[in-house]
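One structure below.
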Amino acid sequence: MAKKKTIIVMMGGPGVGKGTFSKMLMHRHPFIHIEAGQLLRSEPADSVIGRLISAGNLVPDDLVCNLIRNEIKNNSDIILDGFPRTLGQAKWLVKNYSATHDIHVLYFDAPDNILVERIQKRIHDGSHRRDDSNMSIIRHRLENFHAITIPAVEWLRTAPGIKFSEIDANGDTTDNFRDILSALPQYR
């Protein structure tokens with residue numbers, strides 16, 4: 001029987017470093033990188049998805065899951081960056097892919113003040129993300145993260161058929177990546 005492919009799930013609040021850590025892992029292994037936020041942001045600004053994102057709201061699960069399903073290739077190792085964000089998306093992922101892939105969730109834990117600092121740094125460094133540009137939208141994204149994504153994280157901690165690792169993301173990038181590689185020793 002062929003070895004199952006891997007899905008590494010990068011979860012954490014806005015600005016925690018999911019994209020940065022995804023790129024660092026991709027330098028070690030030929031993952032397909034599926035960045036949910038980028039997929040959603042690539043939708044036209046006047047579309048339903050574009051208007052929801054501009055207001056800092058989450059896109060309905062069925063729309064997001066369909067976008068992700070279209071990107072997942074069963075013959076490749078994958079990094080899911082910023083998906084799942086809801087309990088429904090988490091259950092969909094486990095139900096649809098835990099039999100065909102080894103799923104390992106990396107949850108990056110950092111307090112809101114650190115997340116805001118990192119988003120502000122991203123803006124300073126030239127981010128052109130619409131959802132980074134307004135502090136009220138950033139606060140709204142953080143509220144959504146706590147209300148909607150944390151229940152998904154808590155469910156995934158004990159979900160059947162997957163592995164879950166929590167990474168303390170308060171430190172610098174080098175320390176955080178060392179902790180990631182400790183959780184994923186096959187990619188050291």
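Bear in mind these aren't lab numbers, they're just calculated from the coordinates by the rules spelled out. Quick caveat, the model's predicted, so the values are computed rather than measured. Here Cβ is always computed from backbone atoms with ideal geometry, including for glycine, and neighbour counts include all displayed protein chains.
Of the beta bridges DSSP finds with both residues in the range 5-183, what % are antiparallel, to the nearest 5? Please list the in-between numbers first.
Working: 0 of 23 bridges.
DSSP beta bridges in the range 5-183 are roughly 0 percent antiparallel.
Among LEU67, LEU156, what is the fewest-to-most ranking by other Cβ atoms within 10 Å? Spell out each step's value before the answer.
Values: LEU67 18, LEU156 22.
Listed from fewest to most nearby Cβ atoms, that is LEU67, LEU156.
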Against the 2.2 N^0.38 Å scaling, with N counting residues, where does the chain land? I'd like the Cα-based Rg ratio to two decimal places. 0.98
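Let me spell out the model: positive unit charges on the Cβ of Lys and Arg, negative unit charges on the Cβ of Asp and Glu, origin at the Cα centre of the chain. What dipole size does that give, in debye rounded to 20?
Details: 24 positive and 22 negative charges, 110 e Å.
Rounded to the nearest 20 debye, it is 520 debye.
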What net charge is computed for the residues neighbouring HIS33, neighbours being all others with C-beta under 10 Å from the C-beta of HIS33, Lys and Arg scored +1, Asp and Glu -1? -2
Which residues' amide hydrogens lie under 5 Å from the amide hydrogen of ILE78, considering only partners 5 or more residues apart or on another chain, with H built in the peptide plane? THR6, ILE7, ILE8, ILE32
Scan the chain and note any complete DSSP helix (H) whose C-alpha atoms cover at least 27 Å along its axis and whose Kyte-Doolittle average is -0.5 or more. none
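Find how much the distance from ALA183 to ASP46 grows on full extension, using 0.36 nm per residue of separation minus their present alpha carbon separation; answer in nm with one decimal.
Numbers: separation 137, 0.36 × 137 = 49.32 nm, distance 4.08 nm.
Residue separation times 0.36 nm, minus the Cα-Cα distance, leaves 45.2 nm.
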Okay, helix-only estimate at 222 nm for the chain: each DSSP H run of n ≥ 4 adds -39500 (n - 2.57), divide by all residues, round to 500 deg cm²/dmol; what do you get? -13000 deg cm²/dmol
